[in-house]
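Taking it in order: structure first as C-alpha cells, then the write-up.
Every number here is computed from the coordinates shown, using simple stated rules; none is lab data. It should be emphasised that the depicted structure is a prediction, and the values quoted were computed from it without experimental measurement. Reconstructed Cβ throughout: ideal geometry from the backbone, glycine too, with neighbour counts over all protein chains shown.
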Amino acid sequence: MTEKTSLKSLLDAGGLVVAPGAWDAITARLVEQAGFPAVYMTGAGVAAARGYPDYGLVTMSEMADSAGTMARAVSVPLIADADTGYGNELNVTRTVREYERLGVAAIQLEDQVAPKRCGHLDSKEIVSRREFVAKIDAAVRARTRPDFLIVARTDARAVAGLDDAIDRANAALDAGADVVFVEAPQTPDEIASIPTRVHGPCLLNVVPGGKTPLVGLREFGQMGYRVVILPGVLLFNAVATGESLLADLRTTMAHPALPPGMTIAALFQRFGAPEWDGLRARYQSAFRETSHA
C-alpha cells in the first residue's frame, strides 16, 4: 500500500479524517470523487445491499467480497467494518488476513456477542473484556503490513456504561489497536469526554436519528477526534431518493428528467471509462502498426 492510500499517513499528518459510508463500488467512488480522504465500508449498508437488516446476518466472505470490490475501486483508504470478527481468535486471524490481502486500509472489530446488532439499536449484548482484548491481540498479531490499522470498537456504553466502555477502549489500545471507537455516546458531554479519557486516537460514528447527538463535524475535530464516520449519509438519502423517484414514475408513467449534466457517457466517466478508452486506443494503435509491418 502506498502513502497515497494509507490511513496511517493521514492520521500521522494530523487533523480530522471524515469518511462517509459506502457499500459498493458506486458509492465508494462517489465518496472519493467528492474529495473525501477516506471511505468507510458500512456493515449496515452491505447488509442492506444484500437484502438484510443490520442484525449480523452477513458472513465474513460476503463482507470481504464487498471490501475487496470497494478497495479496488478507489485510491483513498478504505476503513472496513468486520463486525465481531466472525468467531473466536482464529476466525479473527483469518478475517484480518482476508481484508489485508484485499487492499483494505483498516479493519474494524467490535465486542458485541454474535450475532451483533446495529450499534444504535437497543438490546445489544457484549462479550467479556478479556475476550474482546484477546480478539484485538489476535488481529494485531495477524497483520503483516504496518500500515494496516486495527480499529477496536466497543458497544459497552449501552450495556455497562461509559466508564466500562472507556476502560475497554484503553485495554484495546494496550493490546495494540491503532484507533478506538466508543459506540453511541448519548450526550454532548459524553462525546467530548471520550478523547480526553482514551489514551489513543478516537473514531466517532455519526448516525442521524441514532443514539448520539449531532454536532458539527469540525467541532468533533476540536474535541480531539481523529476520525469521523458517517455510515448512513448516502444510504438514507439513496433509499429516500429512490423511493420518491419511483413513486413519481409509477404515478405519472413519465420518464423522469436526467439530472443536469448527466448522460450515459458522463455516468461511465465516473467509473473509469477514460482509462479503459485509453487502453483500447493504445492496443488498437499497436495492432495497426503490427499489421502494416
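Tell me the Kirkwood radius of the chain: reciprocal of the mean inverse pair distance over distinct alpha-carbon atoms, in Å.
Across the chain, the inverse of the average 1/r is 20.3 Å.
Kindly put I229, I26 in sequence by how many other C-beta atoms sit within 10 Å of each C-beta, fewest to most.
I26, I229
How large is the charge dipole for the chain, taken about the Cα centre, if only the Cβ atoms of Lys, Arg (+1) and Asp, Glu (-1) carry charge, to the nearest 20 debye?
For this selection, approximately 660 debye.
Report the FRET efficiency, 1/(1 + (r/R0)^6), for S75 and D277, where r is their Cβ-Cβ distance and R0 is 25 Å, rounded to 0.05.
After rounding to 0.05, the efficiency reads 0.85.
Taking springs between alpha-carbon atoms closer than 10 angstrom, which of A238, A138, A171 fluctuates most in the Gaussian network model of the chain?
Taking springs between Cα atoms under 10 Å, the residue moving most is A238.
Charges on Cβ only, +1 for Lys and Arg, -1 for Asp and Glu, centred on the Cα centroid of the chain; of A156, L204, H255, which one is farthest towards the dipole's positive end?
Farthest towards the positive end: H255.
Pull up the DSSP beta bridges for region 37-179 and report the antiparallel fraction as a percent, rounded to 5.
Restricted to region 37-179, the bridges split so that about 10 percent are antiparallel.
For region 194-293, what does the alpha-carbon gyration tensor say about shape, rounded, prolate or oblate, given a ≥ b ≥ c as the root eigenvalues, a/c under 1.5 as rounded, and a/b over b/c as prolate?
Verdict is oblate for region 194-293.
Can you compute 3J(HN,Hα) from phi for each residue in region 70-82, using the Karplus curve 6.51 cos²θ - 1.76 cosθ + 1.60 with θ = phi - 60°, rounded to whole Hz and x for Gly and Pro?
Per-residue couplings from phi come out as 6, 4, 5, 7, 10, 9, 9, x, 10, 9, 10, 5, 10 Hz.
How would M253, M70 line up from fewest to most surrounding beta-carbon atoms within 10 angstrom?
Ascending number of Cβ neighbours within 10 Å: M253, M70.
Short version: ³J(HN,Hα) in whole Hz for each residue of region 97-114, in order, from phi by Karplus 6.51 cos²θ - 1.76 cosθ + 1.60 (θ = phi - 60°), x for Gly and Pro, what are they?
Per-residue couplings from phi come out as 4, 5, 5, 5, 4, 8, x, 5, 8, 8, 10, 10, 10, 10, 9, 6, 6, 7 Hz.
Report the antiparallel proportion of the DSSP beta bridges in the chain as a percent, rounded to a multiple of 5.
Close to 5 percent.
Across the chain, how many lysine pairs separated by 8 or more positions, or lying on different chains, have Cα atoms within less than 21 Å?
5
Could you list V180, V239 so that the one with the fewest beta carbons within 10 Å of its beta carbon is first and the one with the most is last?
Listing V180, V239 from fewest to most nearby Cβ atoms yields V239, V180.
Once the Cβ-Cβ distance between V113 and R145 is put in as r, and R0 is 25 Å, what FRET efficiency do you end up with, to the nearest 0.05?
The calculated FRET efficiency here is 0.25.
Provide the FRET efficiency to the nearest 0.05 for the N91-F236 pair, computing r from the beta carbons and using R0 = 35 Å.
My answer for the efficiency is 0.65.
Length gain on complete extension for the stretch R50 to M253, per 0.36 nm per residue less the alpha carbon to alpha carbon distance?
Result: 70.2 nm gained on full extension.
Please identify the GluC sites (Glu not before Pro) of region 205-293 that satisfy two criteria: DSSP loop assignment and at most 11 other Cβ atoms within 10 Å. Which are they?
Loop-located and lightly packed - none at all.
Using unit Cβ charges (K, R positive; D, E negative) and no other charged atoms, how large, in debye to the nearest 20, is the dipole of region 77-221 about its Cα centre?
About 340 debye.
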